[in-house]
Amino acid sequence: MSTRVKRPSPADAIIHPERLELLTVIQLSGPLSARELREELPRISQASLYRHLKVLAQAGFIVTIERPPEGRGAPEKAFSTAPTAPSSIRLRGRERSTEALRRNLLALHAAEVALFERSAARRPIDAGDLSWRQSIVYLDRSELREVRAILARLKELETHRTDRQRAFALNVRLFRA
């Protein structure tokens, strides 16, 4: 019995922040081994690193090459940007450059960091109170209207709280692709 591996679209491959960071490091530093990538990005676990490299390779962004050993030993596998890596990605019916998508994603993360820093400046954050969730959902217009109504109701509940339960924060950004 054979199982078919679904090839990720370039958009799905590059949208993940860790994959984007890996791709940027490989583009800036040239071919790097998994060991060298771990040294550059120590916060990414080894299992996640290999998983992200596999997705980037399946999407056509990187290739595996063999580097000659320094001295004796077996050739070392290294990861390099693919010579035919996509320069643009078709996303929701429009062609978008990978550089523009990278800039937009970096701007989004910079805005999230700024929001976090403003929140941390207002009050100390205990480690148990900190969590991060991120989801990408594609909606049609009617579903988007429904989500906006739900978010408005949640915002109303948040502003009219009178109890002393642990507060929650809801930060949602809606983007049109």
Given unit charges at Cβ for Lys, Arg (+) and Asp, Glu (-), the dipole magnitude of the stretch 11-123 about its Cα centre in debye, nearest 20, is 420 debye
The answer for the net charge of residues other than residue 67 whose Cβ lies under 12 angstrom from its Cβ, with Lys and Arg +1 and Asp and Glu -1, is -2
Under the 7 Å Cα-to-Cβ spin-label approximation, residue 120 and residue 76 lie apart by a distance in nanometres of 3.4 nm
Each label sits 7 Å from Cα toward the beta-carbon; between residue 112 and residue 29 the label points are separated, in nm, by 2.2 nm
To the nearest Å², the heavy-atom accessible area per residue of the stretch 14-93 with 1.4 Å probe amounts to 59 Å²
Checking rank on 68-74, 41-47, with mean other Cβ inside 10 Å and highest first, the result is 41-47, 68-74
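The values are calculated or read from the model by the stated rules, or taken from the named source; none is laboratory data. As the structure is a computational prediction, the values presented were derived from the model and not from experiment. Cβ sites come from the backbone with ideal geometry, for glycine too, and all protein chains shown count toward neighbours. What goes into the accessible areas is simple: the full protein's heavy atoms, side chains included, and nothing from ligands, DNA or RNA. Shrake-Rupley method; radii C 1.70, N 1.55, O 1.52, S 1.80 Å.
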